[in-house]
Structure formats: C-alpha cells, structure tokens
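**Q** Take a look at the following structure, please.
The values are calculated or read from the model by the stated rules, or taken from the named source; none is laboratory data. This one's a predicted model, so the numbers in the text were calculated from it and none came from an experiment. Glycine also receives a Cβ, built like all others from the backbone with ideal geometry; neighbour counts cover every protein chain displayed. Accessible surface areas use protein heavy atoms only, side chains included; no ligands, DNA or RNA. Shrake-Rupley method; radii C 1.70, N 1.55, O 1.52, S 1.80 Å.
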Amino acid sequence: CLEKDRDRRYGTAHELADDVRRHLRREPVVARPPSAAYRAQKFVARNRLACASAASVAAALIAGTIVSVRQAVRATRAEHVAQAERDAAQAATRAEALARADAQRRQGEAEDLLAFMLGDFRTGLEKIGRLDLLDAVGEKALAYFAALDPRDLTDTALTRQAKTLTQIGEIRLAEARYADASAAFAKAYDRAAALFTRHPKNTDMLFERAQAEYWIGFAAHERGDFTLCREWFTRYRDSALALAALEGNTVRAQTEISYGHHNLAALDLDHGDLAAARTGFLAEREAVTALLSATPADTQLRYRLADIASWLGTIAERDGDYAAALARYSEMSSRLDALVALEPRVAFWKTRQAESWIFKGNLRLMLGRTGEARELYARADAALSAFVAQDAKNRDWQILLLTAKLRESSLMFGAGDIRATRAILDPARAQLEALAAQEPSLHMAGWLLATAWQLEADLRFIAHQSDAADAARHAIELSKSLISPGGADGFAENELAQSIILAGRIAADHNEADVAKRHWLHALETLSPRLDHTHDWRFLDPAAQALTLLGRVEEARPLVERLKHFGYHTADPLAAPILDVVVLSANSTKQHD
C-alpha cells in the first residue's frame, strides 16, 4: 500500500480488498516483497555517500573471513589427499565431518558476501557511476582467490568463484586497469575450465568457461595485443558453437554465437578487411534483431543494435561512403537517446550517447561542417566532464573526455585560434601523460598522447620554435610503439605518417633538403601497404601530402581526386595548402588542354 512506485502499488481500493480477502482465506496474495536486487538498487540511490562506508565495512568483513576461509580450504585439500586412506580405514569421525561442513559453510558465507557486493550492490553503484567504491573489496577478493587451488574446490565453489572473479575483472576493465582485469579473468578461466573438465556435458559450465574466454580476449584487445585477442575470441566462438550443439537453438546459445560474430568482425576491421567485417556485423545484427523480437523490452539487446550501428558507420566511413556513415552514427545516437529516456540513471547509456556525438562531430568535420562539429564536441565535453568529476578513477570515461577535448583543440587549431588550442591541449596532454604512466598498456591513451604531441609539434612549427623537431620526434616514437605486428586499425599508421611528414617540413624549413626527403619517403613507405584500393582518408590524405612535397604531383592527383569524390575536407591547416597544390595543378592542366 505504501510503495512510492506506482507500478508496485495497488491500483485501486478494490484490488486491495481482494488481496485482504485472499489473506483471510489463507490463499496466496498478489502482493510480494521486493527482491534483494530491487532493495539494493533503492538503497544505493538513497544513500550514495553511505555506500562508501558500506563498501569499506564489507572489505573489512571480507578481510576478517579470509583466515577462517583459508583454514576451510586447507581442510578441503586435506580431505582430497586423505580420501583414499579414510575410505580404506573408515576412520573419519563425526567431529571431522562437522568441522569440514562448518568450514565449507563459512567459505560459502564469505563468497556469498563477495557475490552480493560485486553483483547486486555493484549494479546499483554502476548506475550512479561509483564503481570506485568497490576497489577495496576487489583487492581483498583477488588476494583471497589467489591463495586457492581450483583442484581443491567443490563444484559449487568453482562456479561461485568463476562468476565473482569475472565481475572483478569487469570492474577493473571499467577503470581501464587492463593488467589487473586480465589477471582476474585468467583466474576465472582456471576455475571454469576445471569445472567443465569434470562435467563435459554440462552446458552451464561450458557457458561459464566461454565468458572467461571472451573477457580474456577483450582485455587483450584493449591492450593492443591483437594476436592474443584473436586466439581467445576464436576459443570463445568455438565454445559458443559447442554450446549450441549441446543445448540446441536456445536463446542463450544464439546470443553467444551473435557475440562470436561481433568479436571476429571487429578484428577483421582492425586488419582492414572491410568486406569481412561488414558481413560479420550484419550477421550479428540479424541475430540480435531476432532475439529482440522475442524480448522487445531487453535494454541490452536494444543497446547492441546501437553499438552495431556505430561499427557499420565506421566501416562506411573507411570505405568513403560518408552519407551512409552519418546515417549509421545518427541511428546509434537516436537508439541511445531512447535508452537514456527509458533509464535516465544508467551512466553507461549516457557516456555512449556522448561518444556518438564525437563520432558525428568527426564526420561533420571531414565534410567541412565545422560549426556543427564544434557544437557536438562541446556537448560531449560537457556531459563527460560531469561524469569524470563524479568518478575520477573511471579511465574509460577519462579517455572519452580526452578524446573530445583533443578533437576540440584540433578544431581550434584549424580555425587559427592558437590561444584556445593551447588552453585545451596543454592540460589534456598532461592528463594523458599521467594516464600512460599509470597504465602503459592502455592502448587508447597511447594513441591520444601521440595525437597530442603531433598537435604540439604543429604549434611549435608555425611559431618557428627551435624545439619543434623534438616534439615531432616524440610523436613519431609514440606512434611507432603503438603499431603491433599482430594487427592495427590504421590510427597508429596515420599518426606516424603525419608526424613523419611534419618532421620533414621542419627539416625543409631549416634548409635540410636531404633530411626532409628521407622523412617524406619514410612516410610513403609506412602508408604503402594500405594504399591499394583503399578509400580511407587516413591513408589517402597523408600519402597525397608526401607525394606532393616530393614533387610527385601527378602521382598525388588520383589520391586527391578520390578524396574530393567522397566529399572529404581536411581539417589540418598545414595539410590544406599542400593538397591545394594538387587541385590547382589539375585545374591548370584542364585549362591548358
């Protein structure tokens, strides 16, 4: 009767009267107590500040149980070792059995507490963007699990621990602590694999192993280790197919197979195979659409359609179809708008919404619509700044915010506003330096830092500073460190080529013609493996610049014409005059003819 939520309250007095009559007749009533997850969500929403203390108390409680739980594990290990002897001698006493049962009970209680903290409680914290409150809990849990050998654990303990370790890894991923996340996922895999080895026909245990395989692959991808990523994503895909073979065409199996399509399609895109990537994402979209038709209220499936739209937009952009790319990014944005309207307290929807604004801003900038791009970057900056202020430890949010800020600074540089460029670039670069120092494996931070140093070199070059070459050299070193032999999506090659071209221009400005020529030839060498049949501006633009600076205008012309055909406009004020040389040369040739 007193529920504030209208949907959880009796709608009319008549409904209440019916329930009272059922109660008096000792029949089941309609009213039900709220679930544990519902109570946890409401509690977190009402008591955000108190949650910090709650997490600390829980961490202390977990620490206090570790000693007794380790004793439980030792007792369990001793049981395994002595099992054959006890069976033969039948010497086990009732006291020993009770002690083991009590030890296992205490182990279960400790792990149930962890499961709650990293499950229902975490869900509530995630919605308000305060996963940092679980840092202490995660550290204690990892130390506890590190002391356990999966071979000594019961099936129940293995299942419980695999899920909990996966949850810890997900929290570490949200904080972009990839090494810590990978360690947690590896422990989760050990437990899930041990469980499935014991029960090779049990689909639930196969499912848990597949989750660990996926997360290990995802963490490797975020660290830029594409070879390791493909290995684990292939394992995950194979596990999904095995799951379907064991349990048939279930929703769970089809969901896992759809994720298998997604993962390998993303890797195909990293390697520049646009056709294979598009096929994979379209297969994923078909599978998700079918799943959503059965459960139209599933917000995760609705989000996945938004995410697939963003990937298809990226493919279209790299294929030179900017109209299709803009349509896909707009679809992503509108789907996320609907999710934010439906669940306005979910931080993840809002941060992804801000990311969609960055995508659309990038494309509008390429099309020469700088005013629209500036507005979109500013919206993303404002939204993400609020989230980072709320949770400064969330590195994913920091990376998105710094992406928006670097795009804004590049736009200001293109507009000739050096003071505004500096005001944004200098603090952003300092933050990126700190992030890269804290987490060297943070691939995206490394790429953004290389971008920041290239812009720094641009600023020093146009100001005729003597240290411009040092800045360009540092940008080159950073970009080189990002190129992995296992695969790269082209961002690093683009940054590297742009920085090498700039280094050549700086050398030419100092009358070092031979040095400049070597730089420009090096840039072409870097880009040449990507140039055949590509429509991607990230390779065509710098290649055309390098060729023009080398005096090979006729070779640059088809590249520039291809860019103009797509509607591409360079946002780099240093590149524009170089590409204009090709355009003027073409016009001059036409007039002469």
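**Q** Put one equal scatterer on each alpha carbon of segment 165-222, apply the Debye formula with no solvent term, and list log10 I(q)/I(0) at q = 0.24, 0.26 1/Å to two decimals.
**A** Relative scattering, expressed as log10 I(q)/I(0), comes to -0.82, -0.91.
**Q** Just to confirm, what accessible area per residue do you get for segment 159-304 at 1.4 Å probe, in whole Å²?
**A** So segment 159-304 comes to 40 Å² accessible per residue, rounded to a whole number.
**Q** What does the charge count around residue 575 come to, taking other residues whose C-beta lies under 15 Å from its C-beta (Lys +1, Arg +1, Asp -1, Glu -1)?
**A** Neighbour charge sum, excluding residue 575 itself: -2.
**Q** Just add up the charged neighbours of residue 405: K/R +1, D/E -1, any other residue whose Cβ is under 11 Å from the Cβ of residue 405.
**A** Once all neighbours under 11 Å are counted, the net charge is -1.
**Q** Take the alpha carbon gyration tensor of segment 444-515, find the square roots of its eigenvalues, order them as a ≥ b ≥ c, and report rounded if a/c is under 1.5; if not, report prolate when a/b exceeds b/c, else oblate.
**A** Since a/c reaches 1.5 and a/b is larger than b/c, the shape of segment 444-515 is classed as prolate.
**Q** Could I ask something else about it? Please label the shape of segment 225-377 as rounded, prolate or oblate, based on the square roots a ≥ b ≥ c of the eigenvalues of the alpha-carbon gyration tensor (a/c under 1.5 means rounded; beyond that, a/b larger than b/c means prolate, else oblate).
**A** oblate
**Q** Take the alpha carbon gyration tensor of segment 327-443, find the square roots of its eigenvalues, order them as a ≥ b ≥ c, and report rounded if a/c is under 1.5; if not, report prolate when a/b exceeds b/c, else oblate.
**A** Taking the square roots of the gyration eigenvalues as a ≥ b ≥ c, segment 327-443 is oblate.
**Q** What nm value, rounded to one decimal, do you get for the distance between residue 292 and residue 517 when each label is placed 7 Å out toward the C-beta?
**A** Rounded to a tenth, the inter-label distance reads 5.7 nm.
**Q** Hey, another quick one. With a 1.4 Å probe and all protein chains kept in place, how much accessible area does residue 552 have, in Å² rounded to the nearest 10?
**A** Near enough 90 Å² of accessible area.
**Q** Roughly how many percent of the accessible protein surface of segment 480-550 is carbon and sulfur, given a 1.4 Å probe and a whole-percent answer?
**A** Reported share for carbon and sulfur atoms: 51 percent.
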